[in-house]
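Quick note: the coordinates plus some simple rules give every number you see, no bench work behind them. These figures come from a predicted structure and were not determined experimentally. FYI the Cβ positions are ideal-geometry reconstructions off the backbone, even for glycines, and counts take in every protein chain you see.
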Amino acid sequence: MFFDPLWFIIMLPALIFMFYAQAKVNSTFNKYSKVANSKRMTGAEAAEVLLQANRLNNVRVEGVKGRLGDHYDPSKKVLRLSPAVANTPSVAALGIVAHEVGHAAQDQTRYAFLRFRTSLVPAANLGSSLGFIFVFLGFIIYMFSQSEWAMTAVFIGILLFSLAVVFSLVTLPVEYNASNRARQMLRSTGLVMGQEYDGASAVLSAAALTYVAATLQAIAQLFYFVLMFMGMRRS
């Protein structure tokens with residue numbers, strides 16, 4: 001049960017794509033983090049410019065530890081930048097900062113998908129953790145007793161894990177919209193020109209692949225759970 005070849009067959013394509021996406025992000029970021037932008041503007045400086053351009057005066061900029069841990073916190077109106085982005089005058093830094101400011105702009109305009117995703121966070125966190133627990137406990141119980149309680153536990157686990165899948169699906173339009181806003185901001189403010197725009201856009205496109213990969217993994221895992229549940233019902 002725990003070394004089911006079917007699981008590897010279903011999950012392998014998504015896992016391969018995840019490795020590719022991570023490699024693409026790392027290689028693209030490493031490439032353009034070494035390319036200085038013509039304004040010689042660090043990520044932190046660019047954040048202030050973009051926030052002012054979008055009239056986001058209520059958003060603070062803070063540092064965060066770790067590599068590529070940059071994010072926007074809508075609950076606290078804080079834009080958090082990693083050292084490699086905040087302190088570096090690179091093309092990659094501009095792309096990442098513009099993306100996070102894109103999220104802040106979504107928050108300001110009450111972008112529907114962002115609001116929906118934010119409301120799903122507690123349920124998605126609960127579903128991703130408890131979903132696995134219910135499913136595997138149900139499988140274990142079924143191996144010994146094949147009781148209705150086991151099937152009920154698996155079904156509840158599938159429903160809970162579905163919340164995490166919905167969250168991943170809603171994340172996609174949120175992230176792609178933020179990247180589109182980022183591209184428009186970079187051009188309208190004149191922070192990038194010519195090949196610099198292409199480099200920043202490449203960083204944004206690479207980062208988007210990781211969200212696609214995460215969604216594919218979640219869908220594949222849910223599909224496997226459903227197949228196992230259907231098998232339990234037939235037996």
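Quick notes on this structure:
- By the combined test of axial Cα extent (at least 24 Å) and Kyte-Doolittle hydropathy (mean at least -1.0), the qualifying DSSP H helices of the chain come to 5-33, 91-108, 112-145, 148-188, 195-234.
- For the stretch 97-235, the relative contact order is 31 percent, taking Cα pairs closer than 8 Å that sit 6 or more residues apart in sequence and dividing their mean separation by the residue count.
- Per-peptide average of other Cβ atoms within 10 Å, ordering 121-131, 36-46 highest first: 36-46, 121-131
- Inter-centroid distance (Cα atoms) of the stretch 2-68 relative to the stretch 151-200, Å: 11 Å
- P(r) of the stretch 1-52 over all Cα-Cα pairs, binned every 10 Å from zero, in whole percent: 20, 25, 22, 16, 12, 5
- Under the criterion of Cα pairs below 8 Å and six or more residues apart, the relative contact order for the chain equals 25 percent.
- For the stretch 76-231, the fraction of C-alpha pairs farther apart than 28 angstrom is 38 percent.
- Taking T28, T189, T118 as the candidate residues, the one with maximal mean-square fluctuation in a Gaussian network model of the chain, Cα springs under 10 Å, is T189.
- Residues R80, R234 arranged by fewest to most Cβ contacts within 10 Å: R234, R80
- Exposed-site-free run, longest, the chain (rule: chymotrypsin sites (Phe, Trp or Tyr not before Pro); DSSP loop; at most 10 other C-beta within 10 Å): 4-235
- Hydrodynamic radius of the stretch 181-235 per Kirkwood, over alpha carbon pairs, in Å: 14.2 Å
- Tensor-based shape of the stretch 1-126 (alpha-carbon gyration tensor, a/c under 1.5 rounded, otherwise prolate or oblate): oblate
- Distant-in-sequence amide H partners of G63 (H built 1.01 Å from N, under 5 Å): L81
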